[in-house]
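Participant: Have a look at this one.
The values are calculated or read from the model by the stated rules, or taken from the named source; none is laboratory data. In this text the structure is predicted, and so the values were computed from the model without any measurement. No Cβ is skipped: glycine too gets one built from the backbone with ideal geometry, and neighbour counts run over all protein chains shown. The area values use the complete protein model at the heavy-atom level, side chains included, leaving out ligands, DNA and RNA. Shrake-Rupley method; radii C 1.70, N 1.55, O 1.52, S 1.80 Å.
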Amino acid sequence: MQGRSPQLSMELNRLLLLTSFLLHVKEDHASPTRLVCDNRLIQKYILEAKDMEKRVGQCQALPVLSCPVVLPLVDFSLQQWKSKSNETKRREILCDLALLVGAATGALGQVSEECGARQLSQLYQHANSFFLLLQTFSWEAGHWELSCSPHSMEQTHITSVFLTYRQLVQGKLRFFFHDLAKVLCKQAQGGSRDPPCGAR
């Protein structure tokens, strides 16, 4: 039996990843609205990001990457963030996630050690899941293409990928979902009560 071609293997991997994401969403009942309105879910993803960061730090003999990966700079000013539209915020986070997914892929190609590779694979799945999810939100009609020029940096340390992901989930993503909750949760609940998305 002949081996699969690289293109076929890549397509199968993409299909498996999408299937895994959809099953994860079904299992958690994490529809876009529920993810925004149920504050426990975003807190769960923050804890998972912290746990991945901790576990990769416990891996032995993590290599320094010979080919640096490009990571987004995810620090932000809360005052400037509040002045942006939800669509601008969404696209900015999508660009950050696109860089993170690419960084995880690039790092995976250079890591043979099992512990580090396992954590990188998990981070890739989580970041790509958020990337797919945020594409379901849009405030502009018609087809659009992701056009990114995010602030970025090159890194050779694998732990930096996990630090950046955790900062993104704990920062921009959390505040973005909080902003969405002001609209989506009241619509879903008929405006009967305030969403459980934390104090202002």
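Participant: Within region 96-129, count every residue that is open to solvent by less than 10 Å² (accessible area, probe 1.4 Å), of a type outside the set (D, E, K, R) and touching a residue at least 40 places away in the same chain (Cβ under 8 Å).
Facilitator: Matching residues across region 96-129 total 9.
Rundown of residues vs (1) under 22 Å from residue 132 (Cα atoms); (2) of a type in the set (Asp, Glu), yes/no style:
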position	(1), (2)
59	no, no
62	no, no
65	no, no
69	yes, no
78	no, no
87	yes, yes
92	yes, yes
105	yes, no
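Participant: Of the residues 168, 180, 184, only one is among the aliphatic types (A, V, I, L, M), assigned to a helix (DSSP H, G or I), crowded, with 17+ Cβ neighbours inside 10 Å and at pLDDT 95 or above; which?
Facilitator: Only one candidate qualifies: 168.
Participant: Looking at 85, 112, which is the one that is at pLDDT below 95, under 14 Å from residue 176 (Cβ atoms) and among the hydroxyl-bearing types (Ser, Thr, Tyr)?
Facilitator: When all the criteria are applied, what remains is 85.
Participant: Here's a follow-up. Would you tally the residues in region 28-60 being open to solvent by less than 20 Å² (accessible area, probe 1.4 Å), among the small types (Gly, Ala, Ser) and modelled with pLDDT of 85 or more?
Facilitator: 1
Participant: Then there is this: Could you tell me whether region 46-60 includes any residue that is over 21 Å from residue 154 (Cα atoms), without any contact (Cβ under 8 Å) to a residue 40 or more places away in the chain, hydrophobic (A, V, I, L, M, F, W, C) and assigned to a helix (DSSP H, G or I)?
Facilitator: Yes, there is a match, as at least one residue in region 46-60 is over 21 Å from residue 154 (Cα atoms), without any contact (Cβ under 8 Å) to a residue 40 or more places away in the chain, hydrophobic (A, V, I, L, M, F, W, C) and assigned to a helix (DSSP H, G or I).
Participant: What about residue 136, is it part of a helix (DSSP H, G or I), open to solvent by 30 Å² or more (accessible area, probe 1.4 Å) and either in contact with a helix residue (DSSP H, G or I) (Cβ under 7 Å, 6 or more places away or on another chain) or at pLDDT below 95 (or both)?
Facilitator: Against the criterion (part of a helix (DSSP H, G or I), open to solvent by 30 Å² or more (accessible area, probe 1.4 Å) and either in contact with a helix residue (DSSP H, G or I) (Cβ under 7 Å, 6 or more places away or on another chain) or at pLDDT below 95 (or both)), residue 136 does not qualify.
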